[in-house]
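For reference, the structure is listed below as structure tokens.
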Amino acid sequence: MNYKRILIIFGIFIATVLMGVFIYPQGITARGIKLPDFFYKGFNFGLDISGGTLLIYEADLSNIDPADYSSAMTGLRDVIERRINYSGVREPRVTVNKSGERWRLTVELAGVKDIQEAIKMIGETPYLEFKEIRSEEETEAILEDEESENVDPYFKATALTGKYLERADIDFDQTTSLPVINLKFNDEGSKIFAELTKNNVGNPLAIYLDNHPISIPVVREEIPSGIAQISGQFTLAEARELVARLNQGALPVPINLISQQSVGAILGEESIEKISQAALFGFLLVILFMTIFYRFPGLLASISLIIYVILVLSIFKLIPITLTLAGVTGFILSVGMAVDANVLIFEYAKEEMRKNKPMKISMEDGFQRSWPAIRDSNIATIISAIILYYFTSSMIRGFALTLAIGVGAGLLTAIYITRIFLQALIINRN
């Protein structure tokens, strides 16, 4: 063994030990000395394993055309899911349902036991809308109608809301030096804004945020650019917070929280313990199989497989990824693919050894001949996982994400780490 390979193997084992400490459930105590707490970080489990929080919101669709109810609720679901799951790893379950004439949004947050934390995670999402002035006749009729006390007598809603917002930026008024907020609408929103300003030249156009007017500028001319400006009395901190909230996803319709509760785990700790025991038993059988059928190379491949499992679990903790039953299934499937790569390498190597080739040449040929098949099958799997991740619901995303990470790590351990071990301990002996 040359010193370079010795250093690489030493580095691999040091990294494996550190990752093992990181994923160990309750820290490690050796001879009465407990490792520091910063090594400990718990796994994130899904609602079906560890329980979590259930929130139910009711949408206010009073300003939406009935024909657009379904699309508005779909947009609302997408915005809420994006706010919670911007990386796709929390696996929130956000569903839309209709109860009578009311539309509701159900949000399930795995592993979140604190309801207030869950509500904060959804955030106080700003509802942005533009309103045009009513005619004097409309205003007088509303003021005289005692049943219209909750109706704004001066301004009426328009089709332009935060649904069409593309981005928000902070700027500063050149006269007052106070912060202002520039709003850029998408193509559809720009057309609505242009028509709105065209029809209201010389009239005020009110900008409402969460049903409160924050700016009532007078329209001087038609604005075809799709850029509006909010010039309320904001401090810099308030402007930054508002811009961040708007860019995170302004809600297409306002929502009200009508129900909140903590939910227990479907599986519970006892089931998790059984799943862990079954996984450990199956893993030991795989190691036994590899060692019996492939002898010392199989033992080295088993060591690589142990490193692989520790590496993947560390990634799951570090990101962190919410592990549901679907996610665990993806991980287990990737373990099988990692073993399959080693089996393919060793079978090709055995074929070469039957031709009376030395161990060194047989192993190298085994790696060379198996690489195209391993590469193509793993790339195909990763492509499938990417498609599942981007075009399916959050539950399937968990499966796709753990599968893709597992396959990528499996390629690293099967092709690189196992090869380093073989080159250092077997191949160079011949």
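The values are calculated or read from the model by the stated rules, or taken from the named source; none is laboratory data. Keep in mind the model is a prediction, meaning the values are calculated, not measured. Quick reminder, even Gly has a Cβ in these numbers, built from the backbone with ideal geometry, and neighbours come from all protein chains shown.
Give me the pairs, please: first residue somewhere in region 283-301 and more than 15 Å from Lys350 (Cα to Cα), second residue anywhere and among the polar types (S, T, N, Q) and at pLDDT 90 or above, beta-carbon distance under 8 Å, and either six or more positions apart or on two chains.
Close Cβ pairs (under 8 Å, with a partner that is among the polar types (S, T, N, Q) and at pLDDT 90 or above) amount to Val286/Ser302; Ile287/Ser302; Leu299/Thr291.
So is Ile28 surrounded by fewer than 18 Cβ atoms within 10 Å (Cβ to Cβ) and modelled with pLDDT under 55 or not? Steps first, please.
Details: surrounded by fewer than 18 Cβ atoms within 10 Å (Cβ to Cβ): yes; modelled with pLDDT under 55: yes.
Criteria met by Ile28.
Just wondering, is there one or more residues in region 171-190 that are crowded, with 19+ Cβ neighbours inside 10 Å, over 21 Å from Arg220 (Cα atoms) and not assigned by TED's automatic domain parsing to the domain that holds Leu76?
Scanning region 171-190, I find at least one residue that is crowded, with 19+ Cβ neighbours inside 10 Å, over 21 Å from Arg220 (Cα atoms) and not assigned by TED's automatic domain parsing to the domain that holds Leu76, so the answer is yes.
How many residues, within region 158-170, are under 17 Å from Val219 (Cβ atoms) and touching an Asp or Glu at 6+ places or on another chain (Cβ under 8 Å)? Talk me through it step by step, then tell me what you get.
As a first pass, look at region 158-170 and keep what is under 17 Å from Val219 (Cβ atoms): 158-160.
This time we only want the ones that are touching an Asp or Glu at 6+ places or on another chain (Cβ under 8 Å), so: 158, 160.
Total meeting the criteria: 2.
Hey, could you check region 1-25 for residues that are within 22 Å of Ile321 (Cβ to Cβ) and in a loop (DSSP other than H, G, I, E, B) and say which is modelled with the lowest pLDDT?
This residue is Pro25.
Quick check on this structure: which one of Tyr390, Tyr308 is in a helix (DSSP H, G or I), at pLDDT 90 or above and among the aromatic types (Phe, Trp, Tyr)?
Tyr308
Are any of the residues in region 334-346 within 30 Å of Glu108 (Cα to Cα) and either not hydroxyl-bearing (Ser, Thr, Tyr) or not in a helix (DSSP H, G or I) (or both)?
yes
For region 329-366, give me each residue that is within 13 Å of Arg419 (Cα to Cα) and basic (Lys, Arg).
Selection gives Lys360 alone.
Hey, could you check region 51-73 for residues that are under 17 Å from Val107 (Cβ atoms) and of a type in the set (Val, Ile, Thr) and say which is modelled with the highest pLDDT?
Step by step, filter region 51-73, then rank; the result is Ile56.
Write out, first by first residue and then by second, each pair whose Cβ atoms fall under 7 Å of each other, whose residues are 6+ apart or on separate chains, and whose first residue, in region 307-328, is assigned by TED's automatic domain parsing to the domain that holds Ile275 while the second is surrounded by fewer than 20 Cβ atoms within 10 Å (Cβ to Cβ) and polar (S, T, N, Q).
These pairs meet every condition: Ile307/Thr16; Ile310/Thr16.
When you check Ser215 against the structure, is it in the same structural domain as Pro153 (by TED's automatic domain parsing) and crowded, with 17+ Cβ neighbours inside 10 Å, yes or no?
yes
Would you please name the residue that is modelled with the lowest pLDDT, looking only at residues in region 97-136 that are of a type outside the set (Gly, Ala, Ser), part of a helix (DSSP H, G or I) and surrounded by 12 or more Cβ atoms within 10 Å (Cβ to Cβ)?
Going through region 97-136, the residues of a type outside the set (Gly, Ala, Ser) turn out to be 97-98, 101-109, 112-117, 119-122, 124-134, 136.
Adding the requirement that they be part of a helix (DSSP H, G or I) leaves 115-117, 119-122, 136.
Cutting the leftovers down to surrounded by 12 or more Cβ atoms within 10 Å (Cβ to Cβ) gives us 115, 119, 121-122.
Numbers: Ile115: 77, Ile119: 76, Met121: 66, Ile122: 72.
So the residue we want is Met121.
Restricting region 276-298 to residues that are of a type outside the set (Phe, Trp, Tyr) and surrounded by 15 or more Cβ atoms within 10 Å (Cβ to Cβ), which is modelled with the lowest pLDDT? I'd like the intermediate steps shown before the answer.
Step one: filter region 276-298 for residues of a type outside the set (Phe, Trp, Tyr), giving 276-280, 282, 284-288, 290-292, 295, 297-298.
Those left that are additionally surrounded by 15 or more Cβ atoms within 10 Å (Cβ to Cβ): 279, 286-287, 290-291, 297-298.
Numbers: Ala279: 81, Val286: 88, Ile287: 90, Met290: 90, Thr291: 91, Pro297: 86, Gly298: 89.
Ranking the qualifying residues of region 276-298, first place goes to Ala279.
Please state which of the following conditions Phe316 fails to meet, knowing it meets all the rest: (1) closer than 25 Å to Ile420 by Cβ; (2) in a loop (DSSP other than H, G, I, E, B).
Status for Phe316: all satisfied but (2).
Can you pull out every residue in region 160-175 that is among the aliphatic types (A, V, I, L, M) and under 25 Å from the mean Cα position of the chain (by Cα)?
Those that are among the aliphatic types (A, V, I, L, M) and under 25 Å from the mean Cα position of the chain (by Cα): Leu165, Ala168.
List the pairs whose first member sits in region 358-370 and is in contact (Cβ under 8 Å) with a residue 12 or more places away in the chain and farther than 17 Å from Val343 by Cβ, whose second member is part of a loop (DSSP other than H, G, I, E, B) and β-branched (Val, Ile, Thr), and whose Cβ atoms are under 9 Å apart, counting only residues at least 6 apart or on separate chains?
So the pair list comes out as Met359/Ile426; Lys360/Ile426.
Answer yes or no as to whether Asn356 is among the polar types (S, T, N, Q) and crowded, with 18+ Cβ neighbours inside 10 Å.
no
With respect to Lys317, determine if the residue is charged (D, E, K, R), surrounded by fewer than 19 Cβ atoms within 10 Å (Cβ to Cβ) and within 25 Å of Met290 (Cβ to Cβ).
no
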